[in-house]
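Notes follow once the structure below has been shown.
The values are calculated or read from the model by the stated rules, or taken from the named source; none is laboratory data. All of these numbers come straight from a predicted model, not from anything done at the bench. Using ideal geometry, Cβ is built from the backbone for each residue, glycine included, and neighbour counts are taken over all protein chains shown.
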Amino acid sequence: MLLITPPGVYRAQADTELLLAALEEEPLPSGAAVLDIGTGSGALAVAAARRGAAVTAVDVSWPALASAVLNGALHGRRIRARHGDLLRPVVGRRFDLVLANPPYVPAPTPLSSARGAARAWDAGPDGRQLVDRICAHAPAFLRPGGVLLLVHSDLCGVERTCAALRATGLRAAVVARVTQPFGPVMRARAEWFERQGLIEPGRREEELVVIRGVRPR
């Protein structure tokens with residue numbers, strides 16, 4: 001899928017591809033209401049729109065939103081862009097499907113300290129500063145029978161995410177996973193990860209997972 005990704009906008013990578021594969025497996029009737037949280041280049045938003053969904057894309061980055069709208073237009077699809085933090089721009093709305101590829105890389109500094117490109121991946125000391133917020137609040141934005149698809153690294157705690165979603169009443173399980181070598185950001189922090197007990201000494205790979213949460217009808 002052709003995508004234009006200007007400098008400073010998160011480029012679709014392995015986590016996006018894994019979430020795209022999970023999206024392809026998801027039943028998505030024409031006209032379904034889909035929310036893409038932290039849309040980046042709009043890869044997920046465009047993929048859902050190409051299947052006939054009515055897609056709303058949210059991001060704190062104006063260039064990212066512009067990219068999502070432009071990439072939608074390149075594929076003959078309209079993406080509704082909303083600027084803001086996670087779910088705040090769509091308060092009061094409900095969706096059939098919520099897609100989330102948030103920043104999740106553990107960082108030695110708080111999320112509020114992230115600047116520039118690092119805003120696309122840094123997520124506080126345990127990598128969960130945004131994941132926890134999504135787990136706590138996204139279920140309320142799902143229609144009965146609605147689905148949340150969330151991707152993150154196993155360094156964040158896969159069972160912790162599943163437990164958090166179940167605590168809100170969702171049925172949650174891992175539906176996709178892939179193991180890959182650390183990329184440049186992860187490699188640069190590997191020794192810090194070891195000191196924090198996030199990885200075993202010498203480990204230089206991570207498992208990406210997609211967790212699916214379903215709101216009962």
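Odds and ends about this structure:
- Of everything listed in (1) more than 24 Å from Arg11 (Cβ to Cβ); (2) of a type in the set (Phe, Trp, Tyr); (3) crowded, with 21+ Cβ neighbours inside 10 Å, the single unmet condition for Tyr104 is (1).
- Residue identified as out of contact with any Ser or Thr (no Cβ under 8 Å at 6 or more places or on another chain), more than 16 Å from Leu19 (Cβ to Cβ) and not small (Gly, Ala, Ser) among Leu198, Leu130, Leu149: Leu198
- Residue list for the range 159-185, filter: assigned to a strand (DSSP E or B) and within 18 Å of the chain's Cα centre (by Cα): Ala172, Ala173, Val174, Val175, Ala176, Arg177, Val178, Thr179, Gln180
- Count of residues meeting criterion [under 17 Å from Ser153 (Cα atoms) and either out of contact with any helix residue (DSSP H, G or I) (no Cβ under 7 Å at 6 or more places or on another chain) or part of a strand (DSSP E or B) (or both)] in the range 12-36: 7
- For the range 136-158, the set of residues classified as part of a helix (DSSP H, G or I) and not aromatic (Phe, Trp, Tyr) consists of Ala136, His137, Ala138, Pro139, Ala140, Asp154, Leu155, Cys156, Val158, listed by residue number.
- Hits in the range 186-213 - residues which are over 20 Å from the mean Cα position of the chain (by Cα), of a type in the set (Lys, Arg) and either closer than 17 Å to Arg160 by Cα or loosely packed, with under 15 Cβ neighbours inside 10 Å (or both): Arg187, Arg195, Arg203, Arg204
- Residue pairs meeting the criteria (Cβ under 6 Å; at least 6 apart or on separate chains; first farther than 30 Å from Pro184 by Cα and in contact (Cβ under 8 Å) with a residue 40 or more places away in the chain, in the range 91-109; second buried (at least 21 other Cβ atoms within 10 Å of the Cβ) and among the β-branched types (Val, Ile, Thr)): Leu97/Val34; Leu97/Val147
Results for (1) in a strand (DSSP E or B); (2) modelled with pLDDT of 95 or more; (3) farther than 19 Å from Cys162 by Cα, shown as yes or no for each residue.
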position	(1), (2), (3)
Ala47	no, yes, yes
Ala64	no, no, yes
Val69	no, yes, yes
Arg77	no, yes, yes
Arg80	yes, yes, yes
Arg93	no, yes, yes
Thr109	no, no, yes
Gly124	no, no, yes
Ile134	no, yes, no
